[in-house]
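The values are calculated or read from the model by the stated rules, or taken from the named source; none is laboratory data. Predicted model only: the values in this text are computed from it and were never measured. For neighbour counting, all protein chains shown are included, and Cβ atoms are generated from backbone atoms with ideal geometry for every residue, glycine included. Accessible surface areas use protein heavy atoms only, side chains included; no ligands, DNA or RNA. Shrake-Rupley method; radii C 1.70, N 1.55, O 1.52, S 1.80 Å.
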Amino acid sequence: IKGENYLFRTHANKFISTREGRGTKEVYEYTMEMLNKKYDLNTLTFGMINYEWIEHLAADLRKKLKVNSVSIHLRNIRAIFKNATKKKLVSRDLYPFEDYSIRNEETAHRTITVEDIRTLRDYEVEPHQIPYRDLFLLQFYLIGVNAVDILTATKSNIHKGRFEYRRAKTGKSFTASILEMLCFVI
């Protein structure tokens, strides 16, 4: 056990380097940049990160950020801390998130009407804008499929009248009816 004097930055850098997704790494790096603006990462140790430290950081972040943005930073710090304890580099006795609840807010649903979709579909756009509009419409028709999942799709993703795919980011399976999509387009 490296213990309470183990530098948070040292383990965070190792932890981030093991993340597979580029976007995931960027989110953790963003948290480290935020911490670097507030603390000297050459001296911030796991022993310094306690319940009161987390409360102070959260209160400070809430002055400029929304609840869910604060939540992301705290969850990232928690994940790095938990990983250090799992690897037995830091004692579980130091783990400060046991009694701390990270707040979240439900994101407001953003809806678009059928008429709005039809207006967008039929709108005269510049030739260079057509692929962007069409990609957006396809994402919409396919229940919000992510662009990377469309771009990696092949004919094998179509099975018995359905578009079936596994989300690249989460690995979760999704399916959308092509017939329903075509009915909507008409």
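Per-residue extension of 0.36 nm, minus the Cα-Cα distance of His159 and Lys2, leaves a gain of 51.2 nm for this segment.
Since only Tyr95, Ile77, Leu137 are under comparison, the one whose Cα sits farthest along the positive direction of the charge dipole of region 8-141, derived from C-beta charges on Lys, Arg, Asp and Glu, is Tyr95. Relative to the Cα centre, the charge distribution of region 18-136, modelled as +1 at Lys and Arg Cβ and -1 at Asp and Glu Cβ, gives a dipole magnitude of about 540 debye. Across the cross-link table entries Lys63/Lys169; Lys14/Lys87; Lys14/Lys82; Lys2/Lys82; Lys66/Lys88, which are compared at the Cα atoms, the separations over 22 Å belong to Lys63/Lys169; Lys66/Lys88.
On the protein heavy atoms, probe 1.4 angstrom, tell me the percent of accessible surface of region 43-145 carried by carbon and sulfur.
Ligands and nucleic acids excluded, carbon and sulfur reach 51 percent.
Inter-label distance, Val67 to Tyr51: 2.2 nm, where each label sits 7 Å from its Cα along the C-beta direction. Looking at the square roots a ≥ b ≥ c of the eigenvalues of the Cα gyration tensor of region 1-83, which shape do they give, rounded for a/c under 1.5, prolate if a/b is larger than b/c, or oblate? Judged from the Cα gyration tensor, region 1-83 comes out oblate (a/c at least 1.5, b/c at or above a/b). Loop-only check: which chymotrypsin sites (Phe, Trp or Tyr not before Pro) in region 80-186 are DSSP coil with at most 11 other Cβ within 10 angstrom? Counting only loop positions with at most 11 other Cβ atoms within 10 Å, the chymotrypsin sites (Phe, Trp or Tyr not before Pro) in region 80-186 are Tyr123.
Once the Cα atoms are used to define both axes, helix 22-38 deviates from the longest principal axis of the chain by about 40 degrees. A DSSP coil position with no more than 10 other Cβ atoms inside 10 Å describes the following trypsin sites (Lys or Arg not before Pro) in region 82-131: Lys88, Arg110.
Read through the labelled values (1) 64, 37, 32; (2) 55, 33, 27; (3) 62, 32, 27 and report the label of the one computed as Cα extents along the principal axes in Å from the structure. Given (1) 64, 37, 32; (2) 55, 33, 27; (3) 62, 32, 27, the calculated one carries the label (1).
Counting other Cβ atoms within 10 Å, keep those with at most 14, restrict to DSSP loop, and tell me which GluC sites (Glu not before Pro) in region 1-65 are left.
Details: sites: Glu4, Glu20, Glu26, Glu29, Glu33, Glu52, Glu55; in loops: Glu20.
Qualifying residues, ordered by number: Glu20.
Between Asn104 and Asn13, the simple label model (points 7 Å from Cα in the Cβ direction) yields a spacing of 3.2 nm. Accessible surface calculations at 1.4 Å, restricted to protein heavy atoms, place region 37-138 at 70 Å² per residue. Would you please give the FRET efficiency between Val27 and Thr119, computed as 1/(1 + (r/R0)^6) with r the Cβ-Cβ distance and R0 = 30 Å, to the nearest 0.05? My answer for the efficiency is 0.30.
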